[in-house]
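This report concerns only the one structure given below.
The values are calculated or read from the model by the stated rules, or taken from the named source; none is laboratory data. Keep in mind that this is a model prediction, so the values were computed, not measured. Glycine gets a Cβ as well: all are built from the backbone with ideal geometry, and neighbour counts include every protein chain shown. All accessible areas refer to the heavy atoms of the entire protein, side chains included, with ligands and DNA or RNA removed. Shrake-Rupley method; radii C 1.70, N 1.55, O 1.52, S 1.80 Å.
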Amino acid sequence: MDLVTIDRFTSIGAATIARATLEAAGIDAFLAGEIESHAHGGIRLQVPREDISHALDVLRDAHVNASDTKAEPLPPDANRELALDPDDFCRRCGSDEIYPAVSRARAYARALILSMFGGVLVQISVGIARTAGVIVPSRAVTGAFLLVLAAPLLTAIAIHIAPRTICRNCHAQSRARQTLPSR
């Protein structure tokens, strides 16, 4: 059974009411992430892919929606199927809940810190080599500094070309180019 998240809730009570409303209408509904709801963006209300439009109609008619949601609201057009690109799915479990494994800001900060430590490491190794009486060519030192200073740029290019993503359901990581939800 292919499940799709149609809503998110921050309280278990609202999520349970929505699930019960759908089950009363004869739609199989499931709550995912009840235990780790605070750490992973709330409790997800999931239904089979073929029941999406009917489930959205039932929730709108019953006025059950996630007024306390932290994530995306219900889609405005209930008659339209959720159009998802094939690249938006986890390659292992087929879930459409993928997100960046590491934020771009955190990756850039790590690259900058490593670049600074790399520069210090180059200076220390050149100093030790000179103390030991080894003549270090200035071109080698310059090349080492350029390599260390290029680390943030290389990180930015790598993150843009092939961002690392993780699936919220099966925790599989991939480095394929995918369309990610903006956070």
Count - residues of the stretch 50-74 that are modelled with pLDDT under 50 and aliphatic (A, V, I, L, M): 3
Of all residues in the stretch 157-183 being open to solvent by 30 Å² or more (accessible area, probe 1.4 Å) and among the small types (Gly, Ala, Ser), the one that is modelled with the lowest pLDDT: Ser182
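Which one of these is surrounded by fewer than 11 Cβ atoms within 10 Å (Cβ to Cβ), assigned to a helix (DSSP H, G or I) and modelled with pLDDT of 85 or more: Ile135, Ile124?
Working: Ile135 fails: assigned to a helix (DSSP H, G or I).
Testing whether each residue is surrounded by fewer than 11 Cβ atoms within 10 Å (Cβ to Cβ), assigned to a helix (DSSP H, G or I) and modelled with pLDDT of 85 or more leaves just Ile124.
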Near pairs, Cβ below 8 angstrom, 6+ apart or cross-chain, from the stretch 88-117 (in a strand (DSSP E or B) and at pLDDT 70 or above) to any residue that is of a type in the set (Lys, Arg) and open to solvent by less than 50 Å² (accessible area, probe 1.4 Å): Ile98/Arg168; Tyr99/Arg168
Residue satisfying condition, being in a helix (DSSP H, G or I) and within 30 Å of Ala32 (Cβ to Cβ), within set Ile166, Ile159: Ile159
Filtered residues of the stretch 1-38 (kept if in contact with a helix residue (DSSP H, G or I) (Cβ under 9 Å, 6 or more places away or on another chain) and in a helix (DSSP H, G or I)): Ala18, Thr21, Leu22, Ala24
